[in-house]
Amino acid sequence: MIYVNEKYNTNAEFPRILAPYFDGLKIGVFDIETTGLSPDYCAFILGGLGTADREVSMICGSEAADGSEYAAAFPEGAMKIEQFFAESRYEEETALDRCMEALSGLDVVITYNGTRFDMPFVKARAARYGLDCLHDMPHNLDLYHIINKFSELRKVLPNLKQKTVENFFGLWSTRTDEIDGGESVALYERWERRGERDVLEKILLHNSDDVMQLTKLTPIVKKADVHRAMSNIGFPVKNLSVNAIRMELSGSGQLIVSGIQRRNPISYYSYDASGSESDIAFDDRRAEFSCTVPLRRAGGLTVIDLDKVLPDHTELAELPAYESGFLIVKQNEEYKYAEINHFIRLFLMKVLEELS
């Protein structure tokens, strides 16, 4: 296996609208190369992971004195890209193991179509070698999924391929490689046959350019309804990944949150028979969790009585939908996604604090 660790200076920026969800977390940017699309028949050949060059958060705070819409994605522009290259298909297990070990040290990984391709492919190939149980995977922030489902870009662009979107944002000129994924597969087969150094360099360059470009593409989320997107695709809260948020509005109603425990899963159950407070369930065997919070409905408003489920709710008091200890989560047909997400983060952090 070939391991590459290169340092770069980059002016990548992170939209501050994402800061409430990811501030203080270890974040990376991830892209893979494979011999095809199906993990049943095709192999993992290369993983590229871009991270901050030292142990700090990628996001430098959610507020800026100058009112900037962006935070520095990498402190002082310091970034490293690690690449894990299987010199032959026989080295796939080693390359996967090293790559997943690096991923497990992160809280969040940014991908482009990683929900449907990169992450499932890595997990499926890892399962063939029994590696899937050895490493905890970070939360996946998939930029493609956000703009595909929660923006109007599909109506503007001919397609949402990464290079098409890069061109739309004026990033095409910063690319140095000139091949696509299909050509990368052909080059890998040539590398396996001949071991030519220039072929290897082209494959590595294609992958590192994808990672580098992806670090510059995060501002694309500003074209989307970010809070609605996060409410639908989920977000991390410490060692938890929220992956489902739903409201049941029959009767008084309930807000139900569920997801996975990413590291050191625990088992804990707390049920309120009266239904006036929250139900909490953590399952260590399945590494899952769920919480149910009661809602109150009056006229066209659906609210959370914060005094009953989150006694310290001072952080929510500045929100427009906060009123005298109540948080409006739905007004007529309008869901208050930002408020819902903010409440969930604070509520889960309180639960985790009590369980620690």
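The values are calculated or read from the model by the stated rules, or taken from the named source; none is laboratory data. Bear in mind the structure is a predicted one, so any value in this text is a computation, not a measurement. Counting neighbours? That spans all protein chains shown, and the Cβs are built from the backbone with ideal geometry, glycine included. When the accessible area is computed, the model is the full protein with side chains, heavy atoms only, and any ligands, DNA or RNA have been set aside. Shrake-Rupley method; radii C 1.70, N 1.55, O 1.52, S 1.80 Å.
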- Note on the structure: In a Gaussian network model of the chain with springs linking alpha carbons closer than 10 Å, the residue among Ala224, Ala298, Ala287 that fluctuates most is Ala298
- Query: With each pseudo-label sitting 7 Å past Cα toward Cβ, what's the Asn243-Ala186 distance in nm, one decimal?
  - Reply: 3.7 nm
- Size of electric dipole in the range 250-356: Cβ of Lys, Arg +1 and of Asp, Glu -1, about Cα centre, debye, nearest 20: 340 debye
- Message: From Cα pairs below 8 angstrom and at least 6 apart in sequence, can you work out the relative contact order of the range 135-264, rounded to a whole percent?
- Response: 26 percent
- Query: Per residue Cα convex hull volume for the range 251-340, in cubic angstrom?
  - Reply: 125 Å³
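For the range 99-149, state the average projected area of the convex hull of the C-alpha atoms over all orientations, rounded to one decimal in nm².
Working: hull surface 13.3 nm².
Averaged projected area of the range 99-149's Cα convex hull equals 3.3 nm².
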- Task: Pick out which of Gly259, Gly234, Gly299 has the largest mean-square fluctuation in a Gaussian network model of the chain, springs linking Cα atoms closer than 10 Å.
- Result: Gly299
- Relative contact order (%) - the chain, alpha-carbon pairs under 8 angstrom, separation at least six: 14 percent
- For the chain, what number results from the quotient of the Cα radius of gyration and 2.2 N^0.38 Å? 1.07
- Query: Excluding Cys291 itself, what net charge comes from residues whose Cβ is under 13 Å from its Cβ, given Lys and Arg +1 and Asp and Glu -1?
  - Reply: -3
- Could you work out the relative contact order of the range 94-171, using alpha carbon pairs under 8 angstrom and six or more residues apart, expressed as a whole percent? 33 percent
- Before rounding to the nearest 500, sum -39500 (n - 2.57) across all DSSP H runs of length at least 4 in the chain and divide by the residue total; then give [θ] at 222 nm in deg cm²/dmol. -9000 deg cm²/dmol
- Query: Toward the positive end of the charge dipole of the chain, about the Cα centre and with charges on Cβ (Lys, Arg +1; Asp, Glu -1), which of Leu103, Thr302, Val237 goes farthest?
  - Reply: Thr302
- Across all Cα atoms of the range 116-230, Rg and the largest Cα-Cα distance (Dmax), in Å, are 16.8, 50
- Item | Paramagnetic reach from Glu288 (point 7 Å along Cα→Cβ, amide N under 19 Å) across the range 129-143 | 133, 137, 139-140
- Message: Starting from a Cα-only point model with no solvent, please compute log10 I(q)/I(0) by Debye for the range 281-332 at q = 0.14, 0.15, 0.21 1/Å.
- Response: -0.46, -0.51, -0.77
- Bin all alpha-carbon pair distances of the range 205-356 at 5 Å intervals from 0 and give each bin's fraction as a whole percent. 2, 8, 17, 19, 19, 14, 9, 6, 3, 2, 1, 0, 0
- Answer in debye to the nearest 20: the dipole magnitude of the chain about its Cα centre, from +1 Lys/Arg and -1 Asp/Glu charges placed on Cβ, is 680 debye
- Translational diffusion coefficient (Stokes-Einstein; Kirkwood radius from C-alpha pairs) of the range 1-42 at 4 °C, 1.567 mPa s, in µm²/s: 90 µm²/s
- Query: How far apart, in nm, are two points set 7 Å out from the Cα along the Cα-to-Cβ line at Asn264 and at Glu152?
  - Reply: 4.7 nm
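Quick one: pull the percent of accessible area on the chain belonging to carbon and sulfur, 1.4 Å probe, ligands and nucleic acids left out.
Answer for the chain is 46 percent, counting heavy atoms of protein chains only.
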